[in-house]
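Notes for the one structure printed next.
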2 protein chains.
Amino acid sequence: MASDPADRASAVLEVDLVGVVANWRQLAARVAPADCAAVVKADAYGLGAPQVSAAFAAAGCRRFFVATLDEGIALRSTLPTSCEIAVFNGPVPGSAEEFVFHQLVPVLNEPGQIADWAEIARRHGGLPAMLHVDTGMARLGLSTREFTRLADELSQESATRWRGLISHLACADQPAHPLNDLQLARFALMRRHFAGLPASLAASSGIFLGRKFHFDFVRPGAALYGINPQPDTPNPMRQVVRLKGRILQVREVERGESVGYGAAHVVDHPSRLATVAIGYADGWFRSMSHRGSGRLGGERLPLLGRVSMDLAVFDVSAGDPSLARPGGFIELLDDDYGVDAAAADAGTIGYEILTALGRRCQRIYRGMPNQC
Amino acid sequence: MASDPADRASAVLEVDLVGVVANWRQLAARVAPADCAAVVKADAYGLGAPQVSAAFAAAGCRRFFVATLDEGIALRSTLPTSCEIAVFNGPVPGSAEEFVFHQLVPVLNEPGQIADWAEIARRHGGLPAMLHVDTGMARLGLSTREFTRLADELSQESATRWRGLISHLACADQPAHPLNDLQLARFALMRRHFAGLPASLAASSGIFLGRKFHFDFVRPGAALYGINPQPDTPNPMRQVVRLKGRILQVREVERGESVGYGAAHVVDHPSRLATVAIGYADGWFRSMSHRGSGRLGGERLPLLGRVSMDLAVFDVSAGDPSLARPGGFIELLDDDYGVDAAAADAGTIGYEILTALGRRCQRIYRGMPNQC
């Protein structure tokens, strides 16, 4: 009974760890001598934080970022203690001691967090933290007004040992957007108050805005996982995921028959349909209805009708009949049709495609860390 | 350090098991003397299959449906053996013995599955299965042509012990759609070949099409979890989930400042903004950008700009300042703004809202089975 879960799986998400590491190395080389961190929040964008982070650590990455305390706690047990794990959201009231216990570095975003952490740091005889300043997102980080008020005090704060000064770009994927240079100028100004402190402004897209955006370290996430950091130019990153869905049934339908919920698609010629075990509960968005596609033996085939919770139907009339059989697979993401292409069909961005997958999909990994 | 994960959680999904069971009882009473199964696929539509199924079992439910073998294996360990667990997708080639080992009842959808199962059933001296016939979905189940060819043989098959004959409605949420009566007529005709076999056509919406659609048992899913089975009429079901997101930071912004990625929202008056730890990696869809809302102390407040992976920003200018503080919560789903309302804002259906949540959200349960 100990069959391989991948053999019985409905949908399989294959993660190429060699490719993930190659993407990290490419960015690290591009920004050197600046350092290259790795953002592995949201379970490494759905690819599996333990596996992906171990691969980065084996390749030499020493700075990791997650979003929440729970993500940090989970990651701490899988990484060497020489790796720093920073938590973007910082502590919510009452949770600061968890950061200390699990050796996590909070990113402090607002005055209350900063004051609470300073108090705990004094009790512990000094604790690390990063400081987040807002330069144009209006999301997390000290506002300019707050920064101006607190800057002198913060740079002299002795119990909180500052490990980094960070900010985040709002429009880095639009190189011509005027906000980029404005954020750069604001950040450079704020940085003067913290001489010698490692500073970081750029995430994936920011890396491609040029050297002056790199500062002391960069924090890529999306590009590591194959998302194009410069949407209007050829993608320099490797595709690192492949997704395939199991064919459960193949049927012949006549002209005029309807397919799926709402009878929303009516076939206009006799067709061969394959019902595939992938649906929106697997993260294959319902917005793919009538628009998505899959590949069977090199042939790109349209998705018909509405995506349902567990199933989607493809017109395999043009596909190789020997491949269109129950138990076979239709390719849903591959090197030719990557996450950005799927995002365009689903009306979203590659980031959301990745984070939605992997709930029910069986994940398998190619290239474990010691082979990288 | 053993703090309650809910205390440090970013987003909390509260599941009301008393309400879930009340919904099941309401449907069971409506269809009696027909039996009422429970569909708990996709982790009980994101609410947690182990907890929700245990509550149904305690209330007297004895028939459960999941989508995949893996879901069936996971559920088998949490339910009494007196509960039947049927798997909609049936066996993929090579996995049939797993069904036997884990005492799962496959739903057989196509001729190959039926033949393979019959062979294994002969080897085991008889095994249970359900038969799925397609009456208008063109998704899973024997086509009319296949059924006609196989019906006599199937009704006499002695090794496969048929436990049910099922089909599925395509347009049950549109009571006036002509396909409903057509599917009913086709199903009634097919049923004649299987005298005495429990038959089932209706899921949540089908239950509300009237008694003639009920047959021997019904298979609700969505309605159990509060989704309106009749979209154009008042919802007879109880809302059973509440979702809240943690406020991480509150800031004052001036007229003309932009918010979030792409600087896609510019505030047109001085405002107070709250950054909340909920994003599309939590299943709060990016399509909520510029459209969603939340509630703070009774006040409904707009979501501003784009939803990002881990965060969303709300305009709390009109909210109670004593509640708009870091560590507090903004209500995202509640009795007044339920899953269907959220779905309308996100451009999808309540089903997808539910199945997307619960990946990173902390789930807590009110009303455990022994209290139901």
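State yes or no: is A:Val253 of a type in the set (A, V, I, L, M, F, W, C), on the phi < 0 side of the Ramachandran plot and not assigned by TED's automatic domain parsing to the domain that holds A:Arg161? Working first, answer last.
Values: of a type in the set (A, V, I, L, M, F, W, C): yes; on the phi < 0 side of the Ramachandran plot: yes; not assigned by TED's automatic domain parsing to the domain that holds A:Arg161: yes.
In short, yes.
Name the one entry in B:Asn228, B:Asn235 that is crowded, with 18+ Cβ neighbours inside 10 Å and of a type in the set (S, T, N, Q).
None of the other options fit; the residue is B:Asn228.
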(request) With the checklist (1) touching a strand residue (DSSP E or B) at 6+ places or on another chain (Cβ under 8 Å); (2) at the interface with another protein chain (Cβ under 7 Å from one of its Cβ atoms) in hand, flag the one item A:Glu71 doesn't pass. (result) (2)
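Residue-by-condition table, conditions (1) of a type outside the set (Ser, Thr, Tyr); (2) touching a Pro at 6+ places or on another chain (Cβ under 9 Å); (3) part of a loop (DSSP other than H, G, I, E, B):
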{"position": "B:Asn180", "(1), (2), (3)": "yes, no, no"}
{"position": "B:Phe187", "(1), (2), (3)": "yes, no, no"}
{"position": "B:Leu197", "(1), (2), (3)": "yes, no, yes"}
{"position": "B:Ala223", "(1), (2), (3)": "yes, yes, no"}
{"position": "B:Pro229", "(1), (2), (3)": "yes, yes, yes"}
(request) Considering only residues that are at the interface with another protein chain (Cβ under 9 Å from one of its Cβ atoms) and assigned to a loop (DSSP other than H, G, I, E, B), look in segment B:136-168 and name the one that is farthest from B:Ala96 (Cα to Cα). (result) B:Gly136
(request) Return the only residue of B:Arg359, B:Arg306 being within 17 Å of the chain's Cα centre (by Cα), among the charged types (D, E, K, R) and crowded, with 19+ Cβ neighbours inside 10 Å. (result) B:Arg359
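So which residues in segment A:1-40 are free of Cβ contacts under 8 Å to residues at least 60 places away in the same chain and either of a type in the set (Ser, Thr, Tyr) or within 14 Å of another protein chain (Cβ to nearest Cβ) (or both), if there are any at all?
If we filter segment A:1-40 for residues that are free of Cβ contacts under 8 Å to residues at least 60 places away in the same chain, which is where we start, we get A:1-4, A:7-8, A:25, A:28-29, A:32-33.
Across segment A:1-40, the qualifying residues are A:Met1, A:Ala2, A:Ser3, A:Asp4, A:Asp7, A:Arg8.
State whether one or more residues within segment B:41-57 are crowded, with 17+ Cβ neighbours inside 10 Å, among the basic types (Lys, Arg) and either away from chain A (no Cβ under 14 Å) or in contact with a strand residue (DSSP E or B) (Cβ under 6 Å, 6 or more places away or on another chain) (or both). Even if it seems obvious, please write down each step before you answer.
Filtering segment B:41-57 for residues crowded, with 17+ Cβ neighbours inside 10 Å gives B:41-49, B:51-57.
Retained after the next criterion (residues that are among the basic types (Lys, Arg)): B:41.
Checking the rest, the ones that are also either away from chain A (no Cβ under 14 Å) or in contact with a strand residue (DSSP E or B) (Cβ under 6 Å, 6 or more places away or on another chain) (or both) come to B:41.
Yes, the conditions are met somewhere in segment B:41-57.
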(request) Return yes or no: is A:Ile349 of a type in the set (Val, Ile, Thr) and either within 27 Å of B:Val66 (Cα to Cα) or touching a Ser or Thr at 6+ places or on another chain (Cβ under 8 Å) (or both)? (result) no
(message) Name the single residue that is surrounded by the most Cβ atoms within 10 Å (Cβ to Cβ) among those in segment B:1-40 being at pLDDT 95 or above and among the charged types (D, E, K, R).
(response) B:Asp16
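Does at least one position in segment B:322-331 carry a residue that is surrounded by 24 or more Cβ atoms within 10 Å (Cβ to Cβ) and under 15 Å from B:Leu13 (Cβ atoms)? Full working, then the answer.
First, the residues of segment B:322-331 that are surrounded by 24 or more Cβ atoms within 10 Å (Cβ to Cβ): B:330.
Subsequent filtering for residues that are under 15 Å from B:Leu13 (Cβ atoms) retains B:330.
Yes.
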(message) Can you find, within segment B:269-298, the residue that is nearest to the other protein chains (Cβ to nearest Cβ) among those that are touching a Leu at 6+ places or on another chain (Cβ under 6 Å) and assigned to a loop (DSSP other than H, G, I, E, B)?
(response) B:Ala277
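The values are calculated or read from the model by the stated rules, or taken from the named source; none is laboratory data. Being a predicted model, the structure only gives us computed values, none of them experimental. FYI the Cβ positions are ideal-geometry reconstructions off the backbone, even for glycines, and counts take in every protein chain you see.
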